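Notes to accompany the following structure.
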Amino acid sequence: MRRDFSVISQWIPPQSRVLDLACGDGELLDQLKRDKSVSGYGLEIDPDKIQTCLERGVSVIEQDIDKGLNNFESGSFDTVVMTSALQALHNPDKVLDEMLRVGKECIVTFPNFGHWRCRLHLGIHGRMPVSEFMPYSWYDTPNIHFCTFKDFEDLCHSKRLRVLRRLVTDQQLKDNLPARLLPNLFGEVAIYHISPKT
Amino acid sequence: MPDHSQAPSEPVVTRSFPDSSVGLVTPETLHFDQPLALSCGRMLEQFDLVIETYGELNKSASNAVLICHALSGDHHAAGYHSEDDRKPGWWDSAIGPGKAIDTNQFYVVSLNNLGGCRGSTGPVSINPETGKPWGPDFPVVTVEDWVESHALLADRLGITQWAAIVGGSLGGMQVLEWTIRFPDRVRHAAVIASAPKLSAQNIAFNEVARQAIMSDPQFLEGRYLESETLPASGLGLARMVGHITYLSDDAMKAKFDRDRKVTDFQFDYGAEFQVESYLRYQGESFTKRFDANTYLLMTRALDYYDPASRHNHNLVEALANAKARFLVISFTTDWRFSPERSEEIVNALHTAGKDVSYLKVDAPQGHDAFLMDIPRYTNALSAWMNRVATESKEYTV
């Protein structure tokens, strides 16, 4: 299982109702169904990934989350999850608002553009970072809204969100001392557990 | 009788059907003596249902799949009726050994609905009280009535719970009604290219079709069979209108564009354009296999269906007791039953907390897409039916 999924799994209570935005091939929901007996749906637009969801028996709804979640009622899910999709959205701030409306709590993961390797790429080479982790060139990348941890923290602050938990780590999700000390420089992945301020 | 005794013995030539075909099938007529109370308030004292079945029912009767047909469909969903049958059943692309609805796994039941014209009791059947065809006296039956009759059929076949019920268009409405009316009798429900109720535009198309039939001088207020005639031009016209709405603009362009049968304009009103000739052919051939009263009845059943109307016009409430796991599929260019209409069903289902998966398949064929072998559609239905098979096995244990 993906390491970030095992962290997310720990943050989701058993038997809860989960909505997974940009659920991909349904791996997380499949895991949560088996380990935590959760119910819920994944939203996805990629036909191949939807097919994989059907094959593994994950309930998946074809829906573009960039167009909002109008068809979902407020507070209808215990947790709304979105892994590694924030940076690919046209309106990440609006989707975040929608997540917080539909879910009582939200879990968001995203890559940190403030990581030292990105800074090195841009600062020394003067080019947009391309790595194993971010393999796209600037012109064909689906990732159109990169941010750093600090940027995301600012957004949470301006939206007056409550950060319940946060984990900033490297890709292997090992306990990483530099990432703990200087997350915006050494952390590669962020996992945020947030809720609307009540 | 000719004497064949001197004829040399000829080897029996049997046509070989593909391995993925259910092959030769024979319809079966089941007679029901119990009266059926209909939505209109009338009683059908006795009736026949014609069915076809494919595959084997397992010992625990847990692998049964019901196929619900659309407006002009019938019980002949798969396979061939004779060695020299040109065309297989209407959904042969999806039903057969190794196909999406795999007859190696499932016992598939397909029937002709009440009011139909292919053998089940309907306007062309003889009314036992008069000894004449029912014609216009046959009651206007509804989706709800059909589902009630399906349940009697299930009882007869020893099926307490369907592994899945599958249907497209008007068939999808029957699937939906099954999950509402008999929540404990259906484990999985596939609602394809359907809607929770018709829109005004949709009813309007049905009305044009009905007017075409009823204004045909040969209609004779529905008693054309008694006079041994047919409102063929009216029924053909109704079918032509229907056909246009089942295709997308793009599909028609791809199929006909402005192609003509003759190079020069004839300056008259014959079928010069290919599309005209196609529609005329479709209309005409339809009149040979379909009954006008049945067409009226089927379109009316479509118009009337609106399960939410029984629940404060709230579809979420209507679906509150449903227990099935749903699959909903729509097609991008289907404007007769558009994706938005399928999404109404999906939204009501997830709001009601029901298990649902939804696909909007990119397909140029319009409403007709649901009858076609479109790879993404077929693969999705196949994967979903595989889960149904797996869960049915768990259910048996």
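The values are calculated or read from the model by the stated rules, or taken from the named source; none is laboratory data. Worth saying up front: this structure is predicted, and the values here are computed from it rather than measured. Every residue, glycine as well, gets a Cβ built from its backbone with ideal geometry; the counts of neighbours run over all protein chains shown. Heads up: the accessible areas ignore ligands, DNA and RNA and are worked out on the full protein's heavy atoms, side chains in. Shrake-Rupley method; radii C 1.70, N 1.55, O 1.52, S 1.80 Å.
Quick notes on this structure:
- Residues in segment A:33-74 that are closer than 20 Å to B:Glu391 by Cα, touching a residue at least 12 places away in the same chain (Cβ under 8 Å), hydrophobic (A, V, I, L, M, F, W, C) and at the interface with chain B (Cβ under 7 Å from one of its Cβ atoms): A:Ile50, A:Val60.
- Matching residues, segment B:339-365, being away from every other protein chain (no Cβ under 11 Å) and open to solvent by less than 20 Å² (accessible area, probe 1.4 Å): B:Ile345, B:Ala363
- Filtered residue count, segment A:75-115, keeping only those that are within 14 Å of another protein chain (Cβ to nearest Cβ), out of contact with any Phe, Trp or Tyr (no Cβ under 8 Å at 6 or more places or on another chain) and of a type outside the set (S, T, N, Q): 4
- Candidates in segment B:369-397 are the residues that are crowded, with 16+ Cβ neighbours inside 10 Å and at pLDDT below 95; of these, the one that is nearest to A:Gly42 (Cα to Cα) is B:Glu391.
- Considering residues of segment B:215-262 that are of a type in the set (A, V, I, L, M) and open to solvent by less than 30 Å² (accessible area, probe 1.4 Å) only, the residue nearest to B:Ser285 (Cα to Cα): B:Leu235
- Of the residues B:Pro136, B:Pro128, the single one that is more than 12 Å from the chain's Cα centre (by Cα), surrounded by fewer than 24 Cβ atoms within 10 Å (Cβ to Cβ) and at pLDDT below 95 is B:Pro128.
- Count - residues of segment B:141-187 that are open to solvent by 10 Å² or more (accessible area, probe 1.4 Å) and within 20 Å of B:Glu56 (Cβ to Cβ): 7
- Segment B:11-108 holds strands (runs of 3 or more DSSP E) entirely within its bounds, and those carrying 3 or more residues that are open to solvent by 40 Å² or more (accessible area, probe 1.4 Å) map to B:28-32.
- Residue match in segment B:367-376 (condition: at the interface with chain A (Cβ under 9 Å from one of its Cβ atoms) and charged (D, E, K, R)): yes
- Test result for B:Thr333, of a type in the set (Ser, Thr, Tyr), over 18 Å from B:His69 (Cα atoms) and within 11 Å of another protein chain (Cβ to nearest Cβ): no
- Contact map, segment B:234-256: residues that are among the aliphatic types (A, V, I, L, M) paired with residues that are outside any helix (DSSP H, G or I) and open to solvent by less than 20 Å² (accessible area, probe 1.4 Å), Cβ distance under 7 Å, separation 6+ or inter-chain. Pairs shown: B:Leu235/B:Phe290.
- Members of segment B:144-163 found to be of a type in the set (A, V, I, L, M) and more than 19 Å from B:Thr121 (Cα to Cα), listed by number: B:Ile159, B:Ala163
Let's see how each residue does on (1) within 30 Å of B:Ala348 (Cα to Cα); (2) open to solvent by less than 20 Å² (accessible area, probe 1.4 Å); (3) at pLDDT below 95:
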site	(1), (2), (3)
B:Gly270	no, no, yes
B:Val275	no, no, no
B:Gly283	no, yes, no
B:Ser309	yes, no, no
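- Test result for B:Leu319, buried (at least 20 other Cβ atoms within 10 Å of the Cβ), more than 10 Å from every other protein chain (Cβ to nearest Cβ) and out of contact with any Leu (no Cβ under 8 Å at 6 or more places or on another chain): no
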